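What follows is a set of notes on a single structure, which appears directly below.
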Amino acid sequence: MASLKIGVFQPLNDLETGDPAVVAKRAEDLGFASYWAPEHTVIPVGSADVYPGKQADEPPPEYLFKMPDPLLALTRAAAVTTRIEVGTAVSLIPERNPLLTAKEVATLDHYSRGRFLFGIGAGWNEPECTVMGGDFPHRWTQTRDAVHAMKALWSGEGEYHGAYFDFGPVVCRPRPTRQPHPPILLGSIANPRVYRRVVEWGDGWLPFTTDPGEIAEGRQAMTELAKGSGRDPESIDITLFSPDGCFRKAPEVAEAEKAGADGLVLWLQGADEVSILAELEVLAGELL
């Protein structure tokens, strides 16, 4: 079996389609390493018609319109578990106030005793980003500014003066249990810009891909960048965020591990709690 850490992503995670407390607890009991939830606070009407990868004549996926707040869903999951890590895949940072988000992240990491994984992204839906207050054309610049602001807050008492966020000395406690902060994993397709961002201000990469070759390419590129900047390449995590239906067989997982992935997140396909729990049993038997 694979030695990389295998987790599960539940796109439908409300009380009708699968209570995160129930699913995360069963995932922990079966030996999965992590449980992940998505984020879309609002979807402006009509904006999901341009969903990436969607064919022209197909409706947008149902889960886009049924997402509870991920940090609250993960708090519910963390409350009934003791070992499994809980993560966002992904939190849309341009749509969030970093002072409030830093408090929420620190609180979740505090209550879970250091089990939170902060998967972040800049989003693909321009109307959504705009209505939530984001600067869509410069969303990754805004994301970087917000992350630096949150890092200052996670110290417990800090200040920050950036292009998008500017505040004097403030106290923000409790601090996260995991120090200096929970791992920040940048969700993105493969490209040189994300490699630089990870090396400069992230802890890892959360690529959404079906191609293990992209993992190998990213690992090599970030290793070279890290060595050039004096950073230990081993400090950079790559957790593959599997598209729906992919990497569900042992040979596929072995290929991802050989390419340089440290972890793998499997997309759960069940549409209700019963089918999701049955799916977890099948995946555990195949991969764990």
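The values are calculated or read from the model by the stated rules, or taken from the named source; none is laboratory data. None of these values were measured; they are calculated from a predicted model. Neighbour counts are summed over all protein chains in view; Cβ atoms, including those assigned to glycine, are modelled from backbone coordinates with ideal geometry.
So the values come out like this:
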{"quantity": "Selected residue (criterion: surrounded by the most Cβ atoms within 10 Å (Cβ to Cβ)) from residues of the range 199-217 that are more than 18 Å from TRP36 (Cβ to Cβ) and among the small types (Gly, Ala, Ser)", "calculated": "ALA216"}
{"quantity": "Only one of GLY87, GLY119, GLY114 that is of a type outside the set (Asp, Glu), under 24 Å from SER34 (Cα atoms), touching a Lys or Arg at 6+ places or on another chain (Cβ under 6 Å) and at pLDDT 95 or above", "calculated": "GLY114"}
{"quantity": "Among (1) touching a strand residue (DSSP E or B) at 6+ places or on another chain (Cβ under 9 Å); (2) surrounded by fewer than 19 Cβ atoms within 10 Å (Cβ to Cβ); (3) free of Cβ contacts under 8 Å to residues at least 40 places away in the same chain - the single one HIS148 does not satisfy", "calculated": "(3)"}
{"quantity": "Qualifying residue in the range 121-133 (condition: more than 30 Å from VAL45 (Cβ to Cβ) and among the β-branched types (Val, Ile, Thr))", "calculated": "no"}
{"quantity": "Flag for PHE241 being hydrophobic (A, V, I, L, M, F, W, C) and either under 17 Å from VAL90 (Cα atoms) or modelled with pLDDT under 95 (or both)", "calculated": "yes"}
{"quantity": "Scope the range 52-76; condition in contact (Cβ under 8 Å) with a residue 40 or more places away in the chain and among the small types (Gly, Ala, Ser); matching residues", "calculated": "ALA73"}
{"quantity": "Subset of the range 173-230 (residues that are among the polar types (S, T, N, Q) and farther than 30 Å from PRO251 by Cβ)", "calculated": "THR177, GLN179, SER229"}
{"quantity": "Pairs where the first residue, in the range 104-129, is in contact (Cβ under 8 Å) with a residue 40 or more places away in the chain and the second is among the basic types (Lys, Arg) and part of a loop (DSSP other than H, G, I, E, B), C-beta under 7 Å, 6+ apart", "calculated": "ALA106/ARG175; ASP109/ARG178; GLY114/ARG178"}
{"quantity": "Looking only at the range 152-173, and only at residues there that are touching a residue at least 40 places away in the same chain (Cβ under 8 Å) and within 22 Å of the chain's Cα centre (by Cα), the one that is nearest to ILE6 (Cα to Cα)", "calculated": "TRP154"}
{"quantity": "Elements of type strands (runs of 3 or more DSSP E) contained in the range 89-175, each with 2 or more residues being in contact with a Leu (Cβ under 6 Å, 6 or more places away or on another chain)", "calculated": "116-121"}
{"quantity": "Residue count, the range 129-145 (criterion: buried (at least 22 other Cβ atoms within 10 Å of the Cβ) and either hydrophobic (A, V, I, L, M, F, W, C) or under 18 Å from the mean Cα position of the chain (by Cα) (or both))", "calculated": "3"}
{"quantity": "Boolean, GLU39 is surrounded by fewer than 24 Cβ atoms within 10 Å (Cβ to Cβ), touching a Gly at 6+ places or on another chain (Cβ under 9 Å) and part of a loop (DSSP other than H, G, I, E, B)", "calculated": "yes"}
{"quantity": "Residue list for the range 36-92, restricted to those being β-branched (Val, Ile, Thr), out of contact with any helix residue (DSSP H, G or I) (no Cβ under 6 Å at 6 or more places or on another chain) and farther than 20 Å from GLU16 by Cα", "calculated": "VAL45, VAL50, THR82, VAL90"}
{"quantity": "So VAL86, is it assigned to a helix (DSSP H, G or I) and buried (at least 23 other Cβ atoms within 10 Å of the Cβ)", "calculated": "no"}
{"quantity": "Residue that is modelled with the lowest pLDDT [pool: residues in the range 5-29 that are surrounded by fewer than 19 Cβ atoms within 10 Å (Cβ to Cβ) and more than 14 Å from ALA77 (Cβ to Cβ)]", "calculated": "GLU16"}
{"quantity": "Residues satisfying the stated conditions in the range 53-74, i.e. assigned to a helix (DSSP H, G or I) and either loosely packed, with under 11 Cβ neighbours inside 10 Å or out of contact with any Ser or Thr (no Cβ under 8 Å at 6 or more places or on another chain) (or both)", "calculated": "GLU62, TYR63, LEU64, PHE65, LEU72, ALA73"}
